[in-house]
Amino acid sequence: MKSGFPERAHVALRDMQLRRNLALATTTIRGKRAAVTGERGDWEELRVAGAAIKRRVLRHLEDYLLQFESSVQRAGGSVHWARDAQEANEIVVQLVRRTGASEVVKVKSLTTDEIGLNDALTAAGIRPIETDLAELICQLADERPSHILVPAIHKNRVEIRDLFRREFGLPDLTEEPTELAGAARAYLREKFLSTAVAVSGANFAVAESGSICVVESEGNGRFCTTLPETLITIVGIEKLVPTLNDLEVFLQLLPRSSTGERMNPYTSLWTGVAPGDGPQEFHVVLLDNGRTNVLADEVGRQTLACIRCSACLNVCPVYERTGGHAYGSVYPGPIGAILTPQLVGTAEAGSLPFASSLCGACAEVCPVKIDIPQVLVHLRGRAIRERTAAGAGERMMMSAAGWALAGERRFRWARRVGRLVQRPFVRENKIERLPGGLSGWTMTRDLPAMPRRSFREWWNGR
Amino acid sequence: MRVALFITCMNDTLFPETGIATVQVLERLGHDVVFPKAQTCCGQLHLNTGYHDSAADLARRFVRVFVEEEIVVAPSASCVATIREFYPYLAEQLDDGALAEEVEALTPRVMELTEFLVRRLGVTDVGSRFSERVTYHPTCHSLRGLQLGDVPLSLLRAVDGLEFVELPGATECCGFGGTFAIKNAETSSAILESKLENVVATGAAVLTAVDRSCLTQIGGGLSRMGSQVRTLHIAEILAAAP
């Protein structure tokens, strides 16, 4: 059987350094988010507005997409439609080849991770260079990002120092943050000045104007979107907003939810091509890659409202313990647990909807009010129906429980059987070891034994 | 008032003392408690584990058993949250218009015990006496599902002799999550670890909550580590008479 969340979590949970890094980082971001959302008297109204705008976009997605296409073309850009990852990668590779470039600089983008663009470029002899500091760290370490917003959250300073010493040939580098950032800066500045093509994703794409909006903290993204001659932007079709005015809502919701800042340091907005200023060739690749399937499901479609803020990761008790790699997906945490199975199917990611205690902390912080627990439960139903989760043992037990609970007499009978069956396991009124599929419980927890008299028997005897 | 008790399958089977305490509290306040015997389970186990056909059968059964009742009270926030949040979902998925209507009519009348006492009856002092140091874990379904806020706390504060001590990191999940605790046992246990540390740090003799399910997780962990902290459902504290 393919490795799922429990198997990957098993590995992650043993990495105590990872657990400390994660606990510290998520606790810090959590506190900052709570402070900057709490100070806004209209935070709930902003959430309601964000949710409403995104849901309107999803209701009329076809119209907004066509409007966006003509807006981009009017502004001097080109639009390409990609059904899936392969199509998107082929389009990008062809566009880069046409320029003759052998390297591209990249703005941090989850969507390009989703389609595996770096591998496709590398296979085509084109070297992708990540320019977001944390993405660069992951790229140099040949690791997958483990957080939507803080891709190298699983690494601490010392680990990064060792990596940079090796990769940049700087044996005397210390773990001082300014020195680490300086080393990366020296490397990246040279790349910004010498590279002719950039690839970006988009936080928002504006239908009325054809504008693209990217928010970031470091300014490296802005180097990418202004210095090279050619800019290729890959946009998931759900990233649209109707008008520039709508950004008013999202540019407040996003930084406060994600980094816990009132405003992010760099917000770049560009529209098509401006002669003599910035990239003179601009391409947008509109990506489906499973999104229209998500849209077709009435309960699941709210997932497409996500603005990738990662607030749900930072409050999630599961993510805080296991980190992002346990999800085995570009999108980790609660949002990944609902988005990935819908994009790639439950056969690929059937264990993810079960990787949650359904505590609801995610829904409470979601800036666009996605009912993540509801979608998790919905997808659990799909995984069981499609037989892509749970073994025969669980199915048998759940059938038996369903049968026993379907009638009062059966329930009474099942309790009598339970009392008999538990006998060999009970010591001093508790069970310390259970067999088979139930052994997971008694690994760390005792279970009280079933008492001789149920509530019902007490009631009948009063 | 006639109050129909939904005891929940877990309390019925594993924790009869919670049900008995619930009856005692309600009767002490002068209510006429009835126990519809055809009741079994709200379907939460099957729903949250993905077996939605069985969950729907149990939801239909619940509605059939309680549809005539004016008020249904359950000593479990997670079961009430399941009924309130997910019965409409199940009816919608089944495309069962009749069930949807019955659910819409019934769910506002299904209440968690402390919610019923404080929000419906306006009672916080139920006349109990309990002279111990107690800490309280607000379960996720009571906090973020039913939005109970400090409803249970207001009852605890009115208990004679009770010394209340705040639980650090109280609003964080205990890691139970039903079958999550078994299917993802290691992650569940890692989450539980933090909760156990916080409970022990309070120096409380008793940990209480409005859900026996979460208390089974935390209590199971406490028992395994040899801690002397006991777990009691809030009804058992409220039932303790002077």
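Since every read-out is calculated from the coordinates, none of them should be taken as a lab result. Owing to the predicted nature of the structure, the values given are computational and were not obtained by experimental measurement. Note that we place each Cβ from the backbone using ideal geometry, even for glycine, and neighbour counts take in every protein chain shown.
For chain A, calculate the relative contact order in percent as a whole number, restricting contacts to Cα pairs under 8 Å that are 6 or more residues apart.
On the way: 743 pairs, mean separation 90.7, N = 462.
Relative contact order of chain A: 20 percent.
Report the equivalent ellipsoid semi-axes for chain A in whole Å, largest first, defined as the square roots of five times the eigenvalues of the gyration tensor built from alpha carbon atoms.
Result for chain A: semi-axes of 46, 26, 21 Å.
Between B:GLU92 and B:GLN228, with labels modelled 7 Å along Cα→Cβ, what's the label distance in nm to one decimal, could you check?
For the pair B:GLU92/B:GLN228, the computed spacing is 5.1 nm.
I need the calculated FRET efficiency for the pair B:ALA205 and A:ALA392, taking r as the beta carbon distance and R₀ as 51 Å, to the nearest 0.05.
Result of the calculation: an efficiency of 0.70.
I want to make sure I understand the PRE zone here: with the label point 7 angstrom from the Cα of A:GLU7 toward its beta carbon, which residues in the range A:330-346 have backbone N atoms less than 20 Å away?
So the set is A:330-333, A:337, A:340-342, A:344-346.
Can you work out the FRET efficiency for the pair A:ASN156 and B:THR124, with r the C-beta to C-beta distance and R0 = 60 Å, to the nearest 0.05?
0.80
Please compute, for the alpha-carbon atoms of the range A:257-361, the extent along each of the three principal axes and give them in descending order in Å.
For the range A:257-361, the Cα spread along each principal axis is 54, 33, 25 Å.
What distance in nm separates the two pseudo spin-label positions at A:SER102 and B:GLU132, each 7 Å out from Cα along the beta-carbon direction?
Computed distance between label sites A:SER102 and B:GLU132 equals 7.5 nm.
Assuming R0 = 30 Å, what is the FRET efficiency of A:GLU167 and A:ASP15, from their Cβ-Cβ distance, to the nearest 0.05?
0.85
Measuring from centroid to centroid over Cα atoms, what is the spacing of the range B:134-167 and the range A:50-118 in Å?
If we compute the Cα centre of each part, the gap is 50 Å.
Report, please, the projected area of chain B averaged over directions, based on the convex hull of its C-alpha atoms, in nm².
That works out to 12.1 nm².
For chain A, list the DSSP H helices whose alpha carbon atoms reach 15 Å or more along the long axis and whose average Kyte-Doolittle value is -1.0 or above?
Once both thresholds are applied, what remains is A:16-38, A:43-59, A:61-74, A:85-99, A:157-168, A:177-194, A:247-258, A:333-344, A:372-385, A:392-404.
Taking every DSSP beta bridge that has both residues in chain A, what percent is antiparallel when rounded to the nearest 5?
Rounded to the nearest five, the antiparallel share is 35 percent.
Pulled fully out, how much extra length does the chain show between A:ARG453 and A:ALA35, if you take 0.36 nm times their separation in residues and subtract their Cα-Cα distance?
Working: separation 418, 0.36 × 418 = 150.48 nm, distance 5.03 nm.
Fully extending the segment from A:ARG453 to A:ALA35 adds 145.5 nm.
Quick one: the Cα spread of the range A:40-289 along its three principal axes, in angstroms, biggest first?
Computed over the range A:40-289, the largest-to-smallest principal extents equal 55, 50, 34 Å.
Over 29 Å between Cα atoms, which of A:LYS32/A:LYS54; A:LYS155/A:LYS191; A:LYS32/A:LYS369; A:LYS191/A:LYS369 qualify?
A:LYS191/A:LYS369
List the relative contact order of the range B:2-120 as a percent without decimals, with contacts defined as Cα pairs under 8 Å and 6+ residues apart.
29 percent
From the residues A:VAL96, A:HIS325, A:LEU121, which one has its Cα farthest along the dipole of chain A in the positive direction, the dipole being from +1 and -1 charges on Cβ of Lys/Arg and Asp/Glu about the Cα centre?
A:HIS325
If I measure Cβ to Cβ between cysteines in chain A, which ones have no partner under 4.7 Å?
A:CYS138, A:CYS213, A:CYS224, A:CYS306, A:CYS309, A:CYS316, A:CYS366
Which aspartates and glutamates, on any chain, are close to A:LYS239 with Cα under 12 Å apart, when same-chain ones fewer than 8 places away are left out?
Cross-link targets: A:ASP288.
At a Cα cut-off below 18 Å, give the lysines reachable from B:LYS183, other chains included and same-chain residues fewer than 8 away excluded.
Of all the lysines, those that pass the test against B:LYS183 - Cα under 18 Å, at least 8 places apart if same chain - are A:LYS2.
Using the Kirkwood radius built from alpha carbon pairs, what does the Stokes-Einstein equation give as D for the range B:133-239 at 25 °C and 0.890 mPa s, in µm² per second?
Using the Kirkwood radius from Cα pairs, D works out to 178 µm²/s.
Express in % the proportion of alpha carbon pairs of the range A:401-461 at distances exceeding 17 Å.
Summing the P(r) tail past 17 Å for the range A:401-461 gives 49 percent.
Would you be so kind as to identify which of B:LEU196, B:THR179, B:ILE218 lies farthest towards the positive end of the dipole of the range B:133-239, taking Lys and Arg as +1 and Asp and Glu as -1 on Cβ and the Cα centre as origin?
B:THR179
Rounding to the nearest 20 debye, state how big the charge dipole of chain A is about its Cα centre with +1 on each Lys and Arg Cβ and -1 on each Asp and Glu Cβ.
Using Cβ point charges on Lys, Arg, Asp and Glu, chain A gives about 3100 debye.
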